[in-house]
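The values are calculated or read from the model by the stated rules, or taken from the named source; none is laboratory data. Because the structure is a prediction, the values reported are computed rather than measured. Please note: Cβ atoms are built from the backbone with ideal geometry, for glycine as well, and neighbour counts cover all protein chains shown. For the accessible areas, the whole protein counts, side chains as well, though only heavy atoms, and no ligand, DNA or RNA atoms are used. Shrake-Rupley method; radii C 1.70, N 1.55, O 1.52, S 1.80 Å.
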Amino acid sequence: MQSQAIIKATKLIKKNSSKLNLSRKNVKDLDCDALFPLLASNVSTISKLDLHDNQISELGASTLVQALLPPKYLKKPSYELAVGEVDLQIVSNLNYLDLSYNKLGSSGAEVVADLVRYTNISTLNLTHNNIRSRGLSAISQALTWGSGLKQLFLNSNGICQFGIKSISQTLLNNPCLQELHLSYNNIRNEGIRMISEALTRNNQLKTIALKSNYLDDQGMMYITKMLAVNDTITHMDLSLNAITDDGATILLTSFESNETLLSLNVNENAISLKIQSQLDQMLFRNFELLKNSKELFKISRFLILLNQIPTDIKSIVLQQFFYSWDSKSARAVFSILLDRLSIGAIVDQTVTFNSKNLANQCVKLRYQNSILY
């Protein structure tokens with residue numbers, strides 16, 4: 001008798017669905033054997049596989065990975081498909097894999113690392129799998145292969161401060177990872193010291209989650225030094241740690257040079273409302289700075305593109321927009337026109353734009369956007 005997961009997977013594949021949601025279907029290792037031919041024969045079409053909250057261990061993970069790897073990376077012929085029976089040029093289309101809340105352990109993480117190494121997967125969720133430091137080391141090594149992984153979730157995995165060294169070294173060299181989630185582990189101050197040192201040289205990571213990691217005021221010293229030089233991290237979660245007003249005050253000093261951090265969660269710490277309010281004010285300041293810098297960038301780009309169009313059209317554009325720059329409708333129309341200038345629509349040789357019809361078009365665009373705003 002087929003399991004609920006196999007029945008659902010078969011139905012979705014018959015519908016040519018690229019997304020398989022098999023979460024909470026009590027998928028066991030034996031079910032992975034039955035899933036193998038379904039996955040392997042559709043490896044070029046499946047882009048998202050959700051196996052959240054099942055009973056998959058290292059054995060089942062090995063079966064899944066063999067099915068999802070591009071055929072040329074299969075380590076041995078297995079199950080119903082042999083390497084010689086498939087097109088070795090097939091490319092895996094998988095970009096999202098959720099194996100959170102399973103039973104992978106360290107060995108299972110070592111198996112999954114092959115997907116990070118040999119496919120274009122961009123999101124991997126291994127939360128609550130007890131992969132520990134050995135499993136983290138395997139994932140970290142896979143990331144150094146030039147992986148395109150952008151989001152990595154490793155919450156609640158028994159990772160201690162001594163296991164952080166591998167991911168810290170990866171952060172020094174990986175050009176793609178943008179989100180790293182390490183909440184509910186045990187990395188402590190020594191772990192955050194290694195991560196912070198790596199992030200002083202990393203210019204790609206935007207989000208880091210460190211909720212409930214036994215960090216205290218000493219750990220905030222390491223983070224503050226990092227934030228003083230890092231200009232890419234925009235979101236950080238430090239909630240449910242052991243930070244006091246002293247540590248939060250140290251964090252405040254990072255804003256003397258940091259203008260990019262936009263979100264900082266320090267809830268469920270021993271921080272007073274007064275200090276938390278001061279942190280919020282600094283985050284709001286950074287948000288306003290970002291908004292203004294984007295406006296200035298748009299204007300400078302607009303002026304550069306404007307110099308590439310005929311003089312009569314240029315004068316109409318300026319008349320139509322800059323005199324009413326403060327209005328929301330004018331800004332909306334400005335954005336539309338900027339996009340059109342960028343793709344060359346205004347100066348397309350197949351379309352004749354003179355002063356009159358461009359003026360009419362500008363007025364029409366402004367009218368449409370004034371309704372929206």
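I'm trying to understand the selection: among the residues of the range 181-204, which are aliphatic (A, V, I, L, M) and crowded, with 22+ Cβ neighbours inside 10 Å? Scanning the range 181-204 gives LEU182, ILE187, ILE192, ILE195, LEU199. Please determine, by comparing only the residues of the range 52-63 that are in contact with a Lys or Arg (Cβ under 8 Å, 6 or more places away or on another chain) and open to solvent by less than 40 Å² (accessible area, probe 1.4 Å), which one is nearest to SER107 (Cα to Cα). Only one residue tops the list, namely SER57.
For the range 205-243, residues that are touching a helix residue (DSSP H, G or I) at 6+ places or on another chain (Cβ under 7 Å), of a type in the set (Val, Ile, Thr) and open to solvent by 10 Å² or more (accessible area, probe 1.4 Å) total 1. Counting only helices (runs of 4 or more DSSP H) that sit wholly inside the range 127-231, those with at least 3 residues that are under 30 Å from GLU256 (Cβ atoms) are 164-173, 188-199, 217-227. All told, SER107 falls short of being open to solvent by less than 50 Å² (accessible area, probe 1.4 Å) and at positive phi. Restricting attention to the range 145-159, the residues that are of a type outside the set (Phe, Trp, Tyr), surrounded by fewer than 18 Cβ atoms within 10 Å (Cβ to Cβ) and more than 17 Å from the chain's Cα centre (by Cα) add up to 0.
Only residues that are closer than 22 Å to ASN93 by Cβ, in contact with a Leu (Cβ under 9 Å, 6 or more places away or on another chain) and either surrounded by fewer than 21 Cβ atoms within 10 Å (Cβ to Cβ) or of a type in the set (S, T, N, Q) (or both) were counted across the range 27-37, and they come to 2.
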